[in-house]
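Colleague: So that we are looking at the same thing, I have put the structure below in structure tokens.
Where a number appears in this text, it was derived from the coordinates with a stated rule and is not lab data. These numbers were taken from a predicted model, which means no experiment stands behind them. Neighbour counts are summed over all protein chains in view; Cβ atoms, including those assigned to glycine, are modelled from backbone coordinates with ideal geometry.
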Amino acid sequence: MSGIRVLESFLCSKSGAPDGGDDAIIVTPHFAAVLDGATDSSGVTYGGIGPARFVVEAGLNAIRQLAPDVTACEAVKTLSLAVQQALRTPPDQALWRPPCFVFAMYSAARREIWRVGDTQYLIDGIGQNPDLVVDQVTTAVRRMVLHAQLAQGATIEDLRREDPGHEAATPLFVLQTQFMNRAGSPFSYGAVNGTAVPVELIEVLPVPSGAKEIVLATDGYPQVYASLQESEAGLQAVLEQDPLLINIHIASKGWCPGAASFDDRAYLRLDVSVAR
């Protein structure tokens, strides 16, 4: 048996569309994963497909072809090679950063969660979800600028429409790509972008034999809970109380007027109690 049974699955783009935007979910007989593409708002495309979605699709196709007993490092190498191959297709304009995605994946054969980047997981309600140092820097800059604007009389609605904090942090978003897939720095982080992901940036999390449920989710949820209803309620509470995302949950962007949320989101809850 595959050892995977889906209990809850949900995708939603920040605009409210059910396609997930640049986030994705995949469940095969042997693997289950959530992928989070790094959205590029430049308007550059690969044949009409945005850069993040383009590499996410390459990743989804690679996961479908993984051998059931593949190791975490072998799987990440396969995904990286798939993206490298896909990116041989030139974009219609130059990009300021390499297209990439992060992911969390469950291997039924190995009974492990594999993670690259800042996705989220729970094992029977308990998880360790990353707060990358490189993101702490960029979000702190944005937060400071927006608090300064509020102190000078700007309204929350003004700043939801035009985000000078995000604009101020943009040079750092460009700079942080220098730490992508480069181990050894306090600012290092992993992502699938077609280059090799150092083993130090690949997390392997054993799922205990007695565990019953796991949750995999993208960072479109400020905090992930053991049910979709709780996770959605937590998100809505943050959006209502902190729409700029500079107090309760510190993020690189806020909740824009007319949008469903501040980011795309994916949630996958699995029953892993069945025999392998």
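Colleague: Say each of A17 and Q223 gets a label point 7 Å from the Cα, pointing the same way as Cα to Cβ; how far apart are those two points in nm?
Modeller: Calculated label separation equals 3.2 nm.
Colleague: With each run of n ≥ 4 DSSP H residues scored as -39500 (n - 2.57), what mean residue ellipticity at 222 nm is computed for the chain after dividing by its residue count and rounding to the nearest 500 deg cm²/dmol?
Modeller: One gets -9500 deg cm²/dmol as the mean residue ellipticity at 222 nm.
Colleague: For the pair M144 and Q236, what calculated FRET efficiency results from E = 1/(1 + (r/R0)^6), where r is the Cβ-Cβ distance and R0 = 22 Å, to the nearest 0.05?
Modeller: Efficiency, from the Cβ-Cβ distance: 0.25.
Colleague: Still on this model: Largest first and to the nearest Å, give the Cα extent of the stretch 5-271 along each principal axis.
Modeller: Principal extents (largest minus smallest coordinate, Cα): 58, 42, 36 Å.
Colleague: OK, next. Considering the dipole of the chain built from charges on the beta carbon (Lys and Arg +1, Asp and Glu -1) around the Cα centre, which of A151, L66, A17 is farthest to its positive end?
Modeller: L66
Colleague: With a Förster radius of 22 Å, plug the Cβ-Cβ distance of S42 and C256 into 1/(1 + (r/R0)^6) and report the FRET value to the nearest 0.05.
Modeller: 0.80
Colleague: In Å and from the alpha-carbon atoms only, list the Rg and Dmax of the stretch 171-265.
Modeller: According to the Cα coordinates of the stretch 171-265, Rg and Dmax are 16.6, 47 Å.
Colleague: Now for a different question. Would you order C73, C12, C100 from fewest to most other beta-carbon atoms within 10 Å of each residue's own beta-carbon?
Modeller: The most exposed by this proxy come first: C73, C12, C100.
Colleague: Now a separate question. Enter the angle in degrees (range 0 to 90, nearest 10) between the Cα long axis of helix 51-64 and the first principal axis of the Cα atoms of the chain, meaning the one along which they spread out most.
Modeller: Between helix and principal axis, roughly 10 degrees.
Colleague: Here's a follow-up. Work out the length of the dipole vector of the stretch 5-271 about its Cα centre, built from +1 on the beta-carbon of each Lys and Arg and -1 on the beta-carbon of each Asp and Glu, and round it to the nearest 20 debye.
Modeller: Approximately 560 debye in magnitude.
Colleague: Considering only DSSP states other than H, G, I, E and B, which trypsin sites (Lys or Arg not before Pro) in the stretch 79-113 qualify as loop sites with at most 12 other Cβ atoms within 10 Å?
Modeller: Filter output for the stretch 79-113: R88.
Colleague: Let me ask you something else. Once you have the Cα-Cα distance between T89 and S273, take 0.36 nm times their residue separation minus that, and quote the gain in nm to one decimal.
Modeller: Computed gain between T89 and S273 is 62.0 nm.
Colleague: Something else now. Just grab the label-to-label distance for V137 and Q65, each label 7 Å out from Cα along the Cβ direction, in nm (one decimal).
Modeller: Spacing of the two 7 Å Cα→Cβ label points: 3.6 nm.
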